[in-house]
Amino acid sequence: MPATGLLRTVWTQCNELLYGIRTTADGGFSHARSADSYAGTATAAAQFGDNNRYETPDYFNLRWIRNRLWREPTARDDVIYDLGCGMGRVLCVMASRPFRKVVGVELFEDLAAAARENARTMRGRRAPVEVLTGDASRVPLDEGTVFFLFNSFGPETLTAVLASLRESLTRKPRPVQLVYYNAMHDEVVADSGCLELAAEERTRNGLRVTFWRRSA
Ligand SMILES: C[S@@+](CC[C@H](N)C(=O)[O-])C[C@H]1O[C@@H](n2cnc3c(N)ncnc32)[C@H](O)[C@@H]1O
């Protein structure tokens with residue numbers, strides 16, 4: 001393993017120990033290496049079959065995003081959704097601050113179960129965590145005020161999720177934010193007409209992160 005790969009592994013494992021969670025494919029989830037859920041095999045459970053494989057952001061970058069959200073004046077009232085939550089790393093990092101609630105939505109039940117277990121056992125949890133199994137385009141979004149998205153699905157599901165969010169905002173107008181990590185389909189968000197681009201940043205490893213808002 002090259003030195004940078006080794007360092008990354010050690011860094012990740014230190015963070016997993018710190019939070020008391022296991023979110024890597026081989027960390028207590030060995031069957032996942034060949035499982036459909038880990039490989040991102042297209043599944044009939046996904047309305048458009050454009051689900052992506054499981055991967056998860058670096059802890060450093062996630063804490064940067066969590067701190068940015070936590071600095072918002074109304075952060076304690078926020079309900080943060082991770083759309084495509086995998087094994088729950090994002091959920092656990094967010095739940096280490098007392099946001100009102102953190103909600104994960106995951107297509108595959110085995111990944112959702114791992115996320116629930118991580119949320120249950122994590123060290124230093126300060127927000128309730130709920131994990132729903134299902135397609136992000138079909139779950140109710142009315143509670144959400146912050147939506148996090150990282151490479152979960154293609155433009156078709158993203159379009160449907162944003163249509164669902166638009167309906168939710170019509171039913172229940174409220175300020176919302178979208179954090180789009182590794183923003184591959186920004187044009188879909190812009191075309192949805194329900195969110196405005198508020199900021200654009202880069203992670204330390206060069207991934208583009210776009211921040212979208214809608215005021216009440
Ligand atoms: C790149 S991973 C991101 C995992 C998690 N957000 C994180 O950052 O640790 C994408 C996840 O989205 C899930 N996913 C894909 N399509 C989905 C859909 N339509 N609804 C819900 N989850 C989906 C995948 O199964 C996978 O676990």
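The table below lists the values:
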read-out: Per-residue ³J(HN,Hα) for the stretch 199-213, Karplus 6.51 cos²θ - 1.76 cosθ + 1.60, θ = phi - 60°, Hz, x for Gly and Pro; value: 6, 9, 9, 10, 6, 5, 9, x, 6, 7, 10, 10, 10, 10, 9
read-out: Integer Hz, Karplus 6.51/-1.76/1.60 couplings in order for the stretch 46-60, x for Gly and Pro; value: 8, 3, 10, x, 10, 5, 9, 6, 6, 8, 8, x, 5, 4, 4
read-out: DSSP-assigned coil residues among trypsin sites (Lys or Arg not before Pro) in the stretch 32-126, each with at most 14 further Cβ atoms within 10 Å; value: ARG53, ARG71, ARG123, ARG126
read-out: Stretchable slack from ASP142 to GLN13, in nm (0.36 nm times residue separation minus alpha-carbon distance); value: 42.9 nm
read-out: Positive-pole candidate from PHE108, PRO98, HIS185, dipole of the chain, charges at beta carbon; value: PRO98
read-out: Carbon/sulfur fraction of accessible area - the chain, other protein chains in place, 1.4 Å, %; value: 52
read-out: HN-Hα J in Hz across the stretch 65-74 - Karplus 6.51, -1.76, 1.60, θ = phi - 60°, x for Gly and Pro; value: 5, 4, 5, 5, 5, 5, 6, 5, x, 9
read-out: Per residue value of the accessible surface for the chain (all protein chains in place, 1.4 Å probe), Å²; value: 47
read-out: Accessible area (Å², 1.4 Å probe, nearest 10) - ASP191; value: 130
read-out: Residues in the stretch 92-117 that a label on ASP36 would reach, taking backbone N under 13 Å of a point 7 Å out along Cα→Cβ; value: 107-111
read-out: Pair ARG213, ARG71: separation of 7 Å Cα→Cβ label points (nm); value: 1.3
read-out: Accessible area, probe 1.4 Å, largest first, for residues CYS14, CYS85; value: CYS14, CYS85
read-out: Heavy-atom accessible area order for ASP110, ASP50, ASP77, largest first, 1.4 Å probe; value: ASP77, ASP110, ASP50
read-out: DSSP loop GluC sites (Glu not before Pro) with at most 16 other Cβ within 10 Å: longest gap in the chain; value: 56-142
read-out: Size of charge dipole - the stretch 165-216 - debye, nearest 20, with Cβ of Lys, Arg +1 and Asp, Glu -1, no other charges; value: 300
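The values are calculated or read from the model by the stated rules, or taken from the named source; none is laboratory data. As the structure is a prediction and not an experimental result, all values here were calculated from the model. Reconstructed Cβ throughout: ideal geometry from the backbone, glycine too, with neighbour counts over all protein chains shown. In case anyone asks, the SASA skips ligands and DNA or RNA and just uses the protein heavy atoms, side chains included. Shrake-Rupley method; radii C 1.70, N 1.55, O 1.52, S 1.80 Å.
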